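Visitor: Got a structure here, written out as structure tokens. Questions coming.
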Amino acid sequence: MAARKVLGRGLEALIPDLPDDQEDRQSVLQVPIDRISANPYQPRQSFDQARLDELARSILEKGVIQPIAVRRKNEKDEYELIAGERRLRAARQTGYQTIPAIVMAVSSPEEMMELSLIENIQRDDLNPIHEARAYLRLQEECHLTQEEVATRVGKNRTTVANTLRLLKLPAEVQKCLLADEITMGHARALLGLENRAEQADLCKQVVKKGLSVRKVEELVKKRYEEKRESAPAHKPHDLSAAETIMQRILGTKVNINRRQHKGKIEIEFYSTDDLNRILELLKVRL
């Protein structure tokens, strides 16, 4: 696909800031709002109404400064949104009949999905769960590896891997993160617990008591140490301590067995992506 080479730079590479020169401005069309249909690949599932109201007031005062991006659906002058849903919603809310738009030539549904997901991922206000789901869709529906996803969105592979791990949390914990009742830091700390019921229980405490991320990390560490101390004491203290250190660093179960002066280290992983995440962590520390 021809556009694939530039997708990693985001929509800025495809929709640059418009210069003041009139000739270039003619490439922006005034498209009837009622002829623009929703983007089927929009990763955001909710929009803050207060922020939409604020944007609508700004549009009433200054107009739509930055064009949206659309693709032509058919020969009947009907369009499908690629990027700019907040602007489109706010303009519709003000009663505008048309909106400035750049009409892009998108050759396939796959390219459409990539453009839409990448544009949303690169925005600072995207919820971590929506971001994780967008990464997963890029992997599953666009057939990209985790490394390719990282390249497309301009982030390192470890960041993508750690964000994807959020989808392993129980549904009730993900719901709290979506509602901004807990932060990304809280969620990552909860991943240190192996038991999903414990993750959900501690999440409830975070919401109820307003626990800080540091406090959650301390509670996770305490629970882990309590379990270790209650387990049969069949390993020397130095091996148990080494296991604990490695498990904290790698975020997965580690087992060390020693026979006389040699031994082996077993590091558990739960998928190819999880293995790649661990390898990235090891590379950073080499």
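Values quoted throughout were computed directly from the atomic coordinates according to the rules given, and no laboratory measurement underlies them. Quantities reported herein were computed from a predicted structural model and do not represent experimental measurements. When we count neighbours, we look across all protein chains shown, and the Cβ atoms used for this are built from the backbone with ideal geometry, even at glycine.
Visitor: What is the log10 of I(q)/I(0) for region 146-245, computed with the Debye formula using one identical point scatterer on each Cα and no solvent, at q = 0.21, 0.23 Å⁻¹?
Guide: Relative scattering, expressed as log10 I(q)/I(0), comes to -1.04, -1.12.
Visitor: Ratio of alpha-carbon Rg to the 2.2 N^0.38 Å globular estimate for region 53-101, to two decimals, please. Please report the intermediate quantities before stating the final value.
Guide: Values: Rg = 11.2 Å, N = 49, 2.2 N^0.38 = 9.7 Å.
Taking the Cα Rg and dividing by 2.2 N^0.38 Å, one obtains 1.16.
Visitor: Counting alpha carbon pairs within less than 8 Å and at least 6 residues apart, what relative contact order, in whole percent, applies to the chain?
Guide: Working: 322 pairs, mean separation 42.3, N = 286.
For the chain, the relative contact order is 15 percent.
Visitor: Evaluate E = 1/(1 + (r/R0)^6) for S27 and L136, where r is the Cβ-Cβ distance and R0 equals 35 Å; express this FRET efficiency to the nearest 0.05.
Guide: On the way: r = 35 Å, r/R0 = 0.99.
After rounding, the FRET efficiency stands at 0.50.
Visitor: Please state the equivalent ellipsoid semi-axes for region 132-175: what are the square roots of 5 times the Cα gyration tensor eigenvalues, largest first, in whole Å?
Guide: On the way: eigenvalues 78, 27, 9 Å².
Ellipsoid semi-axes (Å, largest first): 20, 12, 7.
Visitor: Given DSSP loops and a limit of at most 12 other Cβ atoms within 10 Å, what is the longest stretch of the chain that contains no such trypsin sites (Lys or Arg not before Pro)?
Guide: Working: sites that count: K76, R123.
The segment 124-286 is the longest one with no such site.
Visitor: A further question follows. I want the local charge near I99. Using Cβ-Cβ distances under 11 Å, sum +1 for each Lys or Arg and -1 for each Asp or Glu among the other residues. Intermediate values should be presented prior to the final figure.
Guide: Details: positive: R35, R87, R89, R92; negative: D34.
Around I99, the charge tally is +3.
Visitor: Go through (1) 20.0, 64; (2) 23.9, 80; (3) 24.7, 75 and flag the label whose value is the computed Rg and Dmax of the Cα atoms in Å for this structure.
Guide: (2)
Visitor: Right, here's the next one. Too long at a 32 Å Cα-Cα cut-off: which of K227/K264; K204/K253; K204/K283? Walk me through the numbers before you get to the answer.
Guide: Working: K227/K264 23 Å; K204/K253 25 Å; K204/K283 35 Å.
In this structure, K204/K283 exceed 32 Å between Cα atoms.
Visitor: Using r as the Cβ-Cβ distance of A179 and Q260, and R0 as 41 Å, what FRET efficiency do you calculate, to the nearest 0.05? Numbers along the way, then the final one.
Guide: Details: r = 54 Å, r/R0 = 1.33.
It comes to 0.15.
Visitor: How big is the gap, in Å, between the Cα center of region 118-170 and the Cα center of region 45-98?
Guide: 25
Visitor: Okay, moving on. If each DSSP helix of 4+ residues adds -39,500 (n - 2.57) and the sum is divided by the residues in the chain, what number results at 222 nm, nearest 500 deg cm²/dmol?
Guide: Numbers: 14 runs with 150 residues, N = 286.
Taken over the chain, the calculation gives -15500 deg cm²/dmol.
Visitor: Also, I was wondering about something else. In terms of modelled amide H atoms, which long-range or inter-chain residues lie less than 5 Å from the amide H of I82?
Guide: When sequence neighbours closer than 5 places are left aside, the close amide H contacts are A69, V70, R71.
Visitor: Taking 0.36 nm per residue of sequence separation and subtracting the Cα-Cα distance, how much length would be gained by fully extending the chain between K204 and F47, in nm to one decimal?
Guide: Taking K204 through F47 to full extension adds about 54.0 nm, to one decimal.
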